[in-house]
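Peer 1: Okay, here's the structure, questions in a sec.
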Amino acid sequence: MNEIAQTLNHQIQQENPYVYELLSTLGKNLYYPKGILTQTAEAKQQAYRFNATIGIATEKDQPMFLPLIQDTLFNYEPKDLYPYAPPAGKPELRQLWREKMLIENPSLKDKSFSNPIVTNALTHGLSIISDLFIDANDPLVLPDKLWGNYNFIFGVRRGAKTVTFPFYTEEGTLNTTGMKEALLSKKDHGKAVLLLNFPNNPTGYTPTELEATEIVEALKEVADQGMNLVVISDDAYFGLFYEDSIQESLFGRISSIHPRILAIKVDGATKEEYLWGFRVGFITYGSEFPAVLDALEKKTLGILRGTISSASHPAQTFVLTALKSTEFQTQRLQKFEILKKRACKVKQILDHGDYNDAWDYYPFNSGYFMCLKLKGVDAEALRVHLLEQYGVGVISLGESDIRVAFSCVEEEELKDLFDLIYQGYQDLAK
């Protein structure tokens, strides 16, 4: 094992041995090498005359660029587009995202957490966490209403054994008891990774205040019984809270609640700021031990260096410019209100009772999506029928569930959408 990796491991063991036990074999072997990038960073600070370390071309004290490209980006300085971004991301962007997190998550006040580390959007962030903490046969605990890509990220890539629990109780509330039982079913393994995604994809549900408190208490109880937990908050749709739910990430409430629990927040500008193609995400670790945060950041940098090296500099610059703009919050709120009106309209349409013979719907209060539970018609058969006969695209999940993305349907067209889904259902139910 590399000497630097050993030092980082010792650093974690000294502060919190439970976090060390959570690391995968790969995670224990990871480190940030003192190679070219470290030397380049030192030269950037001290080489005031000639800096012959950076693997880019420069011209007249600027990064070299093609004018035909720069002409389309005249609002930006070449230095903010063309050089490699630091592996952890642009420092100013990381700081601004941290400040944004503190404003939007009151539970983070007085909590100890790392500076956000920039990733190539959320999928990449989850992949990094998987590499750090999952070995073959380690349990991944998550609700049965889930984003299908989790299986590939954690299962196919790293060999995690998925343990699911029913997302809802029979009363339509969040199934916190099921979550706790699923975790404790793997008590003999000693560790588990719990993945919580709110607002949830596919259901569009976020916990209420009571449910959030129950989640935190359940996690404490599991840790008190000797289990080490990584708790990931996948906050892809963060901020899109419309009705009765918590208005922040669970990350702040879970951070530092128990030495055996490591809280991790994975989020990004992708959906929060309507910048899907920009692929700018963040990983943030929560721990009361500064040495643990430092070591985890360096191990994360090791993965970044060994995979993408660094995320897109132009995309980070565009996000940074947006965050600094005086129009940012105003324009963001305008988009939020559009989506909230669509969600409320969907609920109004469904509550009218016109479709009660065809489906029930799962509770939803946030995000981009909602789910129908079909009565007596196969979900995949309906999906194909709607596509072929009516030109309507929805997502089938299992035998009975249909996911509808109201995020991409105009408010005035939502009734037509559900009418067509109902017509398709009637065709198949005959």
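Taken together, the values in this text are just the output of simple stated rules run on the coordinates, not laboratory data. Treat the numbers as computed from the prediction; the structure is a model and nothing was measured. Quick reminder, even Gly has a Cβ in these numbers, built from the backbone with ideal geometry, and neighbours come from all protein chains shown.
Peer 1: List the lysines whose alpha-carbon lies under 17 Å from that of K28, not counting same-chain residues fewer than 8 positions away?
Peer 2: The reachable lysines, counting only those whose Cα sits under 17 Å from K28, are K191, K298, K299.
Peer 1: Between the range 162-189 and the range 309-376, what's the alpha-carbon centroid distance in Å?
Peer 2: So the separation of the two Cα centres works out to 26 Å.
Peer 1: Give a residue-ordered list of calculated ³J(HN,Hα) values for the range 252-261 (Karplus: 6.51 cos²θ - 1.76 cosθ + 1.60, θ = phi - 60°; whole Hz; x for Gly, Pro).
Peer 2: Along the range 252-261, the couplings run x, 6, 8, 4, 6, 7, 6, x, 7, 10 Hz.
Peer 1: Please list, ordered by chain and number, the residues whose modelled amide H lies under 5 Å from the amide H of I246; skip anything fewer than 5 residues away on the same chain.
Peer 2: T208, E209
Peer 1: Cβ under 13 Å from A88's Cβ, A88 left aside: what net charge do those residues give with Lys, Arg +1 and Asp, Glu -1?
Peer 2: Local net charge: +3.
Peer 1: Can you give me the long-range amide H partners of Y361? Hydrogens built in the peptide plane at 1.01 Å from N, cutoff under 5 Å, separation of 5 or more residues or another chain.
Peer 2: Under 5 Å from the amide H of Y361 lie the amide H atoms of K373, each far enough along the sequence or on another chain.
Peer 1: Also, quick follow-up: Can you tell me the order of 194-204, 80-90, 416-426 when each peptide is scored by its average per-residue count of other Cβ atoms within 10 angstrom, highest first?
Peer 2: For the peptides 194-204, 80-90, 416-426, the packing ranking is 194-204, 80-90, 416-426.
Peer 1: Using only helices, what value at 222 nm comes out for the chain when you add -39,500 (n - 2.57) per DSSP H run of length 4 or more and divide by the total residues, to the nearest 500 deg cm²/dmol?
Peer 2: -12500 deg cm²/dmol
Peer 1: Considering only Y368, G27, L210, whose Cα is most displaced toward the positive end of the charge dipole of the chain, charges sitting on Cβ of Lys, Arg (+1) and Asp, Glu (-1)?
Peer 2: With unit charges placed on the Cβ atoms, the residue in question is G27.
Peer 1: What is the calculated FRET efficiency for K324 to D354, with r their C-beta to C-beta distance and R₀ = 56 Å, to the nearest 0.05?
Peer 2: That pair, K324 with D354, gives E of 0.75.
Peer 1: I would also like to ask the following. Hey, of [x] 35, 24, 21; [y] 46, 23, 18; [z] 39, 29, 19, which did the structure itself give for semi-axes √(5λ) of the Cα gyration tensor in Å when calculated?
Peer 2: It is the value labelled [z].
Peer 1: With each label point set 7 Å from Cα along the Cα-Cβ vector, what nm distance links S407 and N29?
Peer 2: Once both label points are built, they end up 3.6 nm from each other.
Peer 1: Spelling out what I want: for every residue of the range 262-269, take phi, set θ = phi - 60°, compute 6.51 cos²θ - 1.76 cosθ + 1.60 (Karplus), and round to whole Hz; glycine and proline get x.
Peer 2: Taking θ as phi minus 60°, the curve returns 10, 8, 9, 10, 10, 8, x, 6 Hz for the range 262-269.
Peer 1: When all alpha-carbon pairs of the range 199-294 are counted, what percent fall beyond 18 Å?
Peer 2: 51 percent
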